[in-house]
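Nothing in this text is a laboratory measurement; each read-out follows from the coordinates by a stated rule. Bear in mind the structure is a predicted one, so any value in this text is a computation, not a measurement. Note that each Cβ is placed from the backbone with ideal geometry, even for glycine, and that neighbours are counted across all protein chains shown.
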Amino acid sequence: MKMIIAIVQDKDSNILSNEFIEANIRATKLSSTGGFLRSGNTTFLIGIEDERIEEVLSLIKKTSHTRGQFMTPQVNMDVSMDASAAYPVEVQVGGATVFVLPIEQFHQF
Ligand code: 2BA
């Protein structure tokens, strides 16, 4: 058994939840915040048998889209007075950031 941790954009999370329900894949959804953009995203925890990992990964891949998001870098007025530094820059976010971890034990009491 493995634990899949998948960080997806909020816009994709409902579709992915529905895909998991249809495929009888159990998942927990957490509201999370990206450390860089400091905007909301969604983290799924999915405990899954080894033979179903590829199925889960392909659902995540199918539903998670790459999007451009604008952010305004912080300007340090002490160092630079260059006004262009305050212009918004585009950052590519996603599709999904996924970690697959081993599980030592699984219990349901
Ligand atoms: P954020 O930390 O808000 O990052 C959003 C996007 O900003 C990232 O998209 C990346 O394109 C860009 N970015 C992040 N850090 C950067 C930096 N230091 N300099 C320049 N650009 C930077 P993704 O890579 O698709 O990541 C989407 C979200 O997935 C992240 O949101 C974060 O919540 C999570 N994530 C990504 N890599 C992670 C990791 N190694 N560990 C834990 N969480 C991660």
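The numbered conditions (1) within 12 Å of the chain's Cα centre (by Cα); (2) more than 12 Å from the ligand (Cβ to nearest atom) are all true for Ser64 except (2). Within the stretch 1-45, the set of residues being of a type in the set (Val, Ile, Thr) and within 16 Å of the ligand (Cβ to nearest atom) comprises Ile4, Ile5, Ile7, Val8, Thr33, Thr42, Thr43.
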